[in-house]
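Quick notes on the structure that follows.
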Amino acid sequence: MANGIAAKAPASSPARRMTMQKLMRRRSTTALALALPLIVLISTLVIYPAFYAVYLSMLDRTMEHFTGLRNILFLLHFDTFWMVVKQSCLFAITAVIFKALIGFVTSHFVHNLPAKGQRKWRGMLLVPWVIPTAMSTIAWFWLFDPSYSAINWLLAKFGIESIPFLGVPGWARFSVILVNVWYGAPFFLIMYLAALKSVPDQLYEAAAIDGASWWQKVWYVTLPMMRNIIAITMLFSLIVTFANFDIVRILTYGGPVNSTHIFATWAFALGIQGNNIPMGASVSLFMLPILGVAAYFILRDINRRGSSV
Amino acid sequence: MSASAQAIGPRAAAKPSSLKRSRRWALWWSYVFLVLFAIFFLMPPVYMLIMGLKTSGEIAAMTNPWWVFHPTLENFKALLGSTQYLTFFRNSAVIAVAVVIITMLIAVPAAFSLGRMKFWGSTTLATGVFLTYLIPDSLLFIPLFKIMAWVHETTGIALLNHWWALIIIYPTLTVPFCTWIMIGYFQSIPKELDEAALIDGAGYIQMLTKIFLPVALPGIIAATIFAFTVSWSEFLYPMAFTVSTDQLVLPVGIVTTLIKGDVYNWGQIMAACLMGAAPPLIIYAFLMDYYIAGLTAGATKG
């Protein structure tokens, strides 16, 4: 835009160049001033704490002596730690896969409906995402409750024996995943529905003329067109699910016998409740590799799209 | 379509009807499955309502948990009369409103600067902002806890166990994403608008307030809703930083104080959850399109 003005006045007199320079200077200083609060906030409350966490993880329990990697090495020889690693991966990966599947299926169903009814259904199905997780998880906690369990009451009506949802490691793992899927699937539904709407109808018509079956349409038209959104939503969700805290904290608090602890809840139990801040920091740092990988792919996608536009 | 159908002649007669029939089947199946999914998705909130309307006596009698035989508003009344619950509610409300204001004051100018007034490093910075959005709270709560303790030691300002301290912390959750969606909105505004403004002699600040804010209003509403819902439902930070009952926000207050050991007053807990979930639900009911726009903006724009 500055070039445009300059081109219109090719005889650029020195005075004019001065004002242009002043404008440019003013422009970048204003820009920096406008962005400054953001830069300050992010560097003091996000970037600095992130590096501080690395430093904290290298202290001993009293936080007076520097111990290097001893905390990390200690964790690597600790059975509970490996259980937490396994449970975190199981929790995040299973939950994301099921969220994506349910989101994909339900988005197709909603997309099938006549346009008038879609709004109503979409509005209804997004409710789990809108309710604060802490509160809906309390409701789930009670739905699972052994003595009052409303789900077991229903199962009993069908003659199925009552299930100790939160009392046995296997079922407890299933329950935390179920609640996470319940909470997160609507987000996928909304994203995939938006993606479905952006697929041009002509492609389906062309496929129909070529005699494509329903499966072929999904496989050769829908999936390739939605590939980007599917990938990015799953990566986002992987990060958020991996770092989840509320659901496990409220539903099982890591129990029975630490079997449902994930990184965030275990770090909380060690760091804040156990008053061993360096150990808690070390545990939470183990989230970094997965976050880094997911962030790399998300960023690559954004850059690619940025250059293609 | 109809022209081509006529051209094909008699064979076309069978085709549309079979198409219509298969479409009707698809529709029918869609409804069946959507009803099943809706039951699954709406089960906890409905359960909250059912239990919130029950008396403790009815819950203890273990009658059908899916039906209310003697509905009562006692639980809701008791909560609205309890200073403790109202304190939680007030803390949450003040924090959410303050965080929304701070977030918008930081995010909108920054998004305008990063998205519209290119300067040295602005693209890198925009990407950096997005990356910080990916750093989860569960990675930062321990160092932040230590930093708050350190601030107390050096300056005497007690941040831990004070609900207002959360107003300083929450913007880290909201600002990056809000800046990111606002950048998208600002970039979608045609370049001609700011050229026209510049020719008319408007400064950059005027350009932002007089042109960009009104045009990007849908984006601003979407970002506001996002900031509000995030600060309303945040659980980890208040859980880690506040302890005393009068300093808690709603989600933590319900989890830690209403659930007391073996005295589960479930009717009241469910009523508390339902009322606590009401503000985001009401906003969602009235501004659904903006809510969804904010949700999808993160990934589809960018």
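Tabulated data for the structure shown
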read-out	value
Candidate set from the range B:152-184 (those that are of a type in the set (V, I, T) and surrounded by fewer than 16 Cβ atoms within 10 Å (Cβ to Cβ)); member that is modelled with the lowest pLDDT	B:I157
Residue match in the range A:208-220 (condition: under 21 Å from the mean Cα position of the chain (by Cα), surrounded by 15 or more Cβ atoms within 10 Å (Cβ to Cβ) and assigned by TED's automatic domain parsing to the domain that holds A:I250)	no
Unmet criterion (only one of (1) aromatic (F, W, Y); (2) crowded, with 22+ Cβ neighbours inside 10 Å; (3) not in a loop (DSSP other than H, G, I, E, B)) for A:F165	(3)
Test: residue in the range B:73-83 that is of a type in the set (V, I, T) and within 26 Å of A:P132 (Cβ to Cβ)	yes
Filtered residue count, the range A:240-261, keeping only those that are buried (at least 23 other Cβ atoms within 10 Å of the Cβ), in contact (Cβ under 8 Å) with a residue 40 or more places away in the chain and either facing another protein chain (nearest Cβ under 9 Å) or small (G, A, S) (or both)	5
Subset of the range B:271-302 that is over 13 Å from the mean Cα position of the chain (by Cα), modelled with pLDDT of 90 or more and at the interface with chain A (Cβ under 10 Å from one of its Cβ atoms) - its residue that is surrounded by the fewest Cβ atoms within 10 Å (Cβ to Cβ)	B:M275
Residue match in the range A:75-84 (condition: over 19 Å from the mean Cα position of the chain (by Cα) and closer than 30 Å to B:V151 by Cβ)	yes
Residue match in the range B:185-194 (condition: surrounded by 21 or more Cβ atoms within 10 Å (Cβ to Cβ) and either away from chain A (no Cβ under 12 Å) or among the small types (G, A, S) (or both))	yes
Check on A:T222, among the polar types (S, T, N, Q), in a helix (DSSP H, G or I) and within 10 Å of chain B (Cβ to nearest Cβ)	no
Helices (runs of 4 or more DSSP H) lying entirely in the range B:46-130 (those with 1 or more residues that are closer than 30 Å to A:F236 by Cβ and more than 11 Å from chain A (Cβ to nearest Cβ))	B:83-116
Sole exception among (1) outside any helix (DSSP H, G or I); (2) closer than 22 Å to B:L105 by Cβ; (3) among the hydrophobic types (A, V, I, L, M, F, W, C) for A:A31, by number	(1)
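For every residue, the table says whether it meets (1) more than 8 Å from every other protein chain (Cβ to nearest Cβ); (2) closer than 22 Å to A:F91 by Cβ; (3) of a type outside the set (S, T, Y); (4) under 21 Å from the mean Cα position of the chain (by Cα).
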{"position": "A:F104", "(1), (2), (3), (4)": "yes, yes, yes, yes"}
{"position": "A:N112", "(1), (2), (3), (4)": "no, no, yes, no"}
{"position": "A:L154", "(1), (2), (3), (4)": "no, no, yes, no"}
{"position": "A:G159", "(1), (2), (3), (4)": "yes, no, yes, no"}
{"position": "A:P164", "(1), (2), (3), (4)": "yes, yes, yes, no"}
{"position": "A:V179", "(1), (2), (3), (4)": "yes, yes, yes, yes"}
{"position": "A:I190", "(1), (2), (3), (4)": "no, no, yes, yes"}
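The values are calculated or read from the model by the stated rules, or taken from the named source; none is laboratory data. Remember, predicted model here, so these are calculated numbers, not experimental data. Cβ atoms come from the backbone with ideal geometry, glycine included; neighbour counts cover every protein chain shown.
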